[in-house]
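**Student:** Take this structure first; my questions come after.
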Amino acid sequence: MASADAVPYGVKLGVDVGLARVGVAMCDPEGILATPLRTLKRDEKKNSDINVLVKLASELGAVQIFLGLPRALSGRDTASTSMAREYTELLVAALGAAGNPVDVRLIDERLTTVSAHRSLHEAGLAGRKHRQVVDQVAAADILQQALDMQKSLQRNVGDPA
């Protein structure tokens, strides 16, 4: 039996939760490269975005989901931190209800959206077009950070949800 700290083999998802949109990224089963996947419209009333995430996790056979935890630069929690934790709880419950209890972990994501905007600007994408893809690029940054940390430390990373 594998230890709880063992890095699982398989597809992993990265999620960047915002007030209006949710960015989603995925990686190859070897956990080498995170790539942007899609942007979901945030739906706090019906949670349709969470339902789509649950479906994606099942369809892709995801073994882990890394959700960005936005903290202040000082490391303190903010209103966005609380929102991300609440979203994580809803996601974990929905995964469990669907019979797919994927390992969900929170990863510190300070500056990922800033970094995503910078990358898109450097790639020549106009500022107003950033909105369409910035969340999925931020999700890819979150996931890549988690993958790199797993590879470097040879163990699971992030805070289990």
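The values are calculated or read from the model by the stated rules, or taken from the named source; none is laboratory data. Small disclaimer: the values here were computed from a predicted structure and weren't measured. Note that we place each Cβ from the backbone using ideal geometry, even for glycine, and neighbour counts take in every protein chain shown. With ligands, DNA and RNA removed, areas are computed over all heavy atoms of the protein, side chains included. Shrake-Rupley method; radii C 1.70, N 1.55, O 1.52, S 1.80 Å.
**Student:** What pairs come up if the first residue lies in the range 145-161 and is more than 13 Å from Leu67 (Cβ to Cβ), the second is part of a helix (DSSP H, G or I) and open to solvent by less than 70 Å² (accessible area, probe 1.4 Å), and their beta carbons are under 8 Å apart, counting only those six or more places apart or on different chains?
**Tutor:** Correct list of pairs: Asn156/Gln150.
**Student:** Would you confirm whether or not the range 92-108 contains a residue that is at pLDDT below 95 and either under 19 Å from Arg38 (Cα atoms) or acidic (Asp, Glu) (or both)?
**Tutor:** Yes, that holds for at least one residue.
**Student:** Okay, moving on. Determine whether Leu125 is surrounded by fewer than 13 Cβ atoms within 10 Å (Cβ to Cβ), at pLDDT below 80, out of contact with any strand residue (DSSP E or B) (no Cβ under 6 Å at 6 or more places or on another chain) and assigned to a loop (DSSP other than H, G, I, E, B).
**Tutor:** Here the answer is no, as Leu125 does not meet what is asked.
**Student:** What residue, among those in the range 1-44 that are of a type in the set (Ser, Thr, Tyr) and in contact (Cβ under 8 Å) with a residue 24 or more places away in the chain, is surrounded by the most Cβ atoms within 10 Å (Cβ to Cβ)?
**Tutor:** Thr39
**Student:** Cβ-Cβ below 6 Å, separation at least six or inter-chain, first residue in the range 64-89 and at pLDDT below 85, second open to solvent by less than 60 Å² (accessible area, probe 1.4 Å) and assigned to a helix (DSSP H, G or I): which pairs?
**Tutor:** Within 6 Å, the pairs are Arg71/Thr81.
**Student:** Then there is this: Would you check if Lys151 is among the basic types (Lys, Arg), open to solvent by 60 Å² or more (accessible area, probe 1.4 Å) and either at pLDDT 80 or above or within 15 Å of the chain's Cα centre (by Cα) (or both)? Write out each step before concluding.
**Tutor:** Working: among the basic types (Lys, Arg): yes; open to solvent by 60 Å² or more (accessible area, probe 1.4 Å): yes; either at pLDDT 80 or above or within 15 Å of the chain's Cα centre (by Cα) (or both): yes.
It is true that Lys151 is among the basic types (Lys, Arg), open to solvent by 60 Å² or more (accessible area, probe 1.4 Å) and either at pLDDT 80 or above or within 15 Å of the chain's Cα centre (by Cα) (or both).
**Student:** If you don't mind, another one. In the range 51-76, which residue that is over 15 Å from the mean Cα position of the chain (by Cα) and open to solvent by less than 60 Å² (accessible area, probe 1.4 Å) is nearest to Val104 (Cα to Cα)?
**Tutor:** My answer is Gly61.
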